Amino acid sequence: RRPPRSTHCISSAASDVYKRQVIGLYIVSFIFLRLIYRWHFLFETLLLTIILLGWVAGRKCQLIGLTGGIACGKSTVSEILLQENLAVIDCDKIAHEVTRRMSKELAKAFPEHNILDKDGYLDSKKLGPIVFADKAKLRKLNKMVHWRIALATVKEILYRKFVLWESHVVLDVPLLFETRIFSYICCPIILVHIDHREIQIQRLVERSKGLFTREEAIQRIESQMSMEYKKKNSDILIDNEGTIEELRKQVLTKIFPALLKTLD
């Protein structure tokens with residue numbers, strides 16, 4: 001379990017966090033490179049070179065975690081951060097690209113259901129109700145796609161760190177705590193939450209434009225990890241029960257001061 005941290009300790013822990021980011025990223029990278037290129041000494045040499053670069057870049061690139069419950073406004077916070085010129089890696093988009101490439105494989109995994117659209121690609125609107133109504137099928141889907149999404153995300157992080165050399169990168173991950181590795185290497189972790197369940201249900205139903213019934217919205221919310229657990233393991237909490245203006249004010253007053261502390 002990741003130990004809870006508060007915003008005031010971010011500054012003193014910054015250098016250790018950078019080291020931890022690099023170590024975590026390269027453990028993952030090493031595993032995947034060994035699996036893919038295990039017969040090639042060239043790639044092991046390349047990996048060692050990248051690790052040396054990582055110790056330098058790790059101190060110059062802060063990886064910031066952004067997560068939240070479904071329909072809590074995480075994407076809106078992500079847009080505000082983009083408007084403030086922070087780089088954002090959108091893991092929802094990465095997941096969409098990965099699952100789209102896996103369309104045929106997923107269709108074979110769920111042969112009793114028609115989950116493809118007319119062009120032969122995965123239709124998430126068809127697959128969603130199937131897996132969220134059956135925990136066994138949801139686990140099966142997660143087992144198939146999570147590691148591939150994680151690999152694609154790590155590749156994007158490495159690109160941002162070593163090619164673009166961006167100083168701050170926001171990792172926008174709906175399942176940040178569920179994937180574990182990303183919750184370990186991100187600092188600070190920002191959680192967008194709504195405490196009142198009815199507001200969250202109403203927003204999810206409205207956002208779906210009639211696609212979800214109230215019961216289906218509750219199913220999706222309850223399929224996620226406990227919000228209390230996420231709160232205890234996050235550094236910055238953003239309460240999104242108010243207006244867009246109130247949300248923007250929280251982003252500017254809570255997130256950016258915390259980022260400046262890490263540069264002290």
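The values are calculated or read from the model by the stated rules, or taken from the named source; none is laboratory data. Since the model is a prediction, treat every value here as computed from it, not as a measurement. Positions of Cβ are generated from backbone atoms using ideal geometry, with glycine treated the same way; all protein chains shown enter the neighbour counts. These accessible areas exclude ligands, DNA and RNA; they are computed on the full protein's heavy atoms, side chains included. Shrake-Rupley method; radii C 1.70, N 1.55, O 1.52, S 1.80 Å.
How many residues does region 136-150 hold that are open to solvent by 40 Å² or more (accessible area, probe 1.4 Å) and in contact (Cβ under 8 Å) with a residue 40 or more places away in the chain?
The total comes to 1.
Count, please, the residues in region 89-125 that happen to be in contact with a strand residue (DSSP E or B) (Cβ under 9 Å, 6 or more places away or on another chain), open to solvent by less than 20 Å² (accessible area, probe 1.4 Å) and outside any loop (DSSP other than H, G, I, E, B).
Of the residues in region 89-125, 4 are in contact with a strand residue (DSSP E or B) (Cβ under 9 Å, 6 or more places away or on another chain), open to solvent by less than 20 Å² (accessible area, probe 1.4 Å) and outside any loop (DSSP other than H, G, I, E, B).
State whether one or more residues within region 177-195 are open to solvent by 10 Å² or more (accessible area, probe 1.4 Å) and more than 30 Å from Leu259 (Cα to Cα).
no
Any residue that is in contact (Cβ under 8 Å) with a residue 12 or more places away in the chain and of a type in the set (Val, Ile, Thr) - is there at least one of those in region 220-230?
So far as region 220-230 goes, yes, one or more of its residues are in contact (Cβ under 8 Å) with a residue 12 or more places away in the chain and of a type in the set (Val, Ile, Thr).
Consider only pairs whose beta carbons are under 6 Å apart and that are at least six residues apart or on different chains; among these, list those whose first residue lies in region 61-76 and is under 14 Å from Ile157 (Cα atoms) and of a type in the set (Gly, Ala, Ser) and whose second residue is open to solvent by less than 10 Å² (accessible area, probe 1.4 Å) and assigned to a strand (DSSP E or B).
Gly65/Leu171; Gly65/Ile189
Give Val98, Val131 a once-over and let me know the one that is at negative phi and touching a residue at least 24 places away in the same chain (Cβ under 8 Å).
Val98
Of all residues being among the charged types (D, E, K, R) and surrounded by 14 or more Cβ atoms within 10 Å (Cβ to Cβ) in region 196-216, which is nearest to Ser78 (Cα to Cα)? Just the residue, please.
Once the filter is applied, the top-ranked residue is Arg203.
Residue-wise test of (1) over 20 Å from the mean Cα position of the chain (by Cα); (2) of a type outside the set (Lys, Arg).
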position: Val192; (1), (2): no, yes
position: Asp195; (1), (2): yes, yes
position: Ile201; (1), (2): yes, yes
position: Glu206; (1), (2): yes, yes
position: Glu216; (1), (2): yes, yes
position: Arg220; (1), (2): no, no
position: Phe256; (1), (2): no, yes
